[in-house]
Structure formats: structure tokens, C-alpha cells
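Engineer: My structure is below; once you've seen it, I'll send some questions.
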Amino acid sequence: MKQLRITVAGQTFDVTVETVGGSAPLMAAPVPAVVPTPVAVSAPVAAPAPVAAPAAPSAASGSGTPIPSPLAGKVVSLDVKPGTVVKEGDQVLTLEAMKMNTVIYAPKAGTVNSFCVAPGDTVAEGQPLAYMG
């Protein structure tokens, strides 16, 4: 088994990869050294303006207990309507990440008060998806 960290579209994922077969590991071919060519600069180049990170929704933006996203992905569907009474383990919504659907279940029995997302929205890990009462 091999632990790898992969970054896709700015999102970082830690994955475990199983090595199959008894063959020796592949070795990369030597890469010829590249000597950079000096470039004349006539005027100083301005640094890019810093970009603020998107603000995560706060718990105050909803009412009740938040249902956080377990992973970064895209909302496929909202599987119940606000006001629906659910039991612990009932399907609430579906996320898609890396071409795989992940069903999000109610963490407790109660009423789904509101959703913070809509189908097609991109969500970050830990971001509230809905609030339950």
C-alpha cells in the first residue's frame, strides 16, 4: 500500500493505493538538465493582488443542527423537502465527487428545517448542507 496526496482543481485528497503484482517498481527515465535562459526585465512586475478565500457559511446562517458535508463535491439532488420529518439514517441529499455519488444521511431523527445548497452547487468538506431541528 502506498499513501499519496493528489490535488484536483485546487482540492487536495489523501488516497491509499494498493500495489498489485510482484514486478519491480518502474523507474523514471533520466531527465536532461534544463538551463534557464536569462531574461532582461525593463520594469518591475507588480505582484498579483491577494485573493480572499471564500467565506464558509456560519452556523448562524441556519436554524438547528447543521448537517456538514463529509467531502468536497457537487450537489446532485436534495432528496427530501424542507419541513420533512426524518429518522436517523434517512437519505437527505446526494453529493457527487470524482464521478461517484455519496448519499448523505440524517445524523439524528428530527425535521429538516432548511437546505444551504441547491443541485449543481459545489461544496467544501465540512460546509453545512442543511439544518435539522
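Engineer: Strands (runs of 3 or more DSSP E) wholly in region 92-133 with at least 1 residues that are within 13 Å of Pro82 (Cβ to Cβ) - which ones? Let's see the steps before the verdict.
Structural biologist: Numbers: elements: 100-105, 110-115, 128-132.
Where strands (runs of 3 or more DSSP E) fall fully within region 92-133 and carry at least 1 residues being within 13 Å of Pro82 (Cβ to Cβ), they are 110-115, 128-132.
Engineer: Any residue in region 65-82 that is crowded, with 18+ Cβ neighbours inside 10 Å, of a type in the set (Ser, Thr, Tyr) and either in contact with a strand residue (DSSP E or B) (Cβ under 8 Å, 6 or more places away or on another chain) or closer than 28 Å to Gly10 by Cβ (or both)?
Structural biologist: The answer is yes, given that some residue of region 65-82 is crowded, with 18+ Cβ neighbours inside 10 Å, of a type in the set (Ser, Thr, Tyr) and either in contact with a strand residue (DSSP E or B) (Cβ under 8 Å, 6 or more places away or on another chain) or closer than 28 Å to Gly10 by Cβ (or both).
Engineer: Could you list, in sequence order, the residues of region 80-91 that are outside any loop (DSSP other than H, G, I, E, B) and β-branched (Val, Ile, Thr)?
Structural biologist: The first filter runs over region 80-91 and keeps only residues outside any loop (DSSP other than H, G, I, E, B), leaving 85-86, 91.
Within region 80-91, Val85, Val86 meet the criteria.
Engineer: May I ask you to list pairs of residues, at least six apart or on different chains, whose Cβ atoms are under 6 Å apart, with the first in region 121-132 being of a type in the set (Asp, Glu) and the second being part of a strand (DSSP E or B)?
Structural biologist: Asp121/Val75
Engineer: Give the residues of region 84-133 that are over 20 Å from the mean Cα position of the chain (by Cα), of a type in the set (A, V, I, L, M) and surrounded by 15 or more Cβ atoms within 10 Å (Cβ to Cβ), sorted by residue number.
Structural biologist: So in region 84-133, the residues over 20 Å from the mean Cα position of the chain (by Cα) come out as 84-90, 108-114, 132-133.
Within this subset, residues satisfying the condition of being of a type in the set (A, V, I, L, M) are 85-86, 109, 112, 132.
Val86, Val112, Met132 - these are the residues of region 84-133 that are over 20 Å from the mean Cα position of the chain (by Cα), of a type in the set (A, V, I, L, M) and surrounded by 15 or more Cβ atoms within 10 Å (Cβ to Cβ).
Where a number appears in this text, it was derived from the coordinates with a stated rule and is not lab data. Because the structure is a prediction, the values reported are computed rather than measured. Here Cβ is always computed from backbone atoms with ideal geometry, including for glycine, and neighbour counts include all displayed protein chains.
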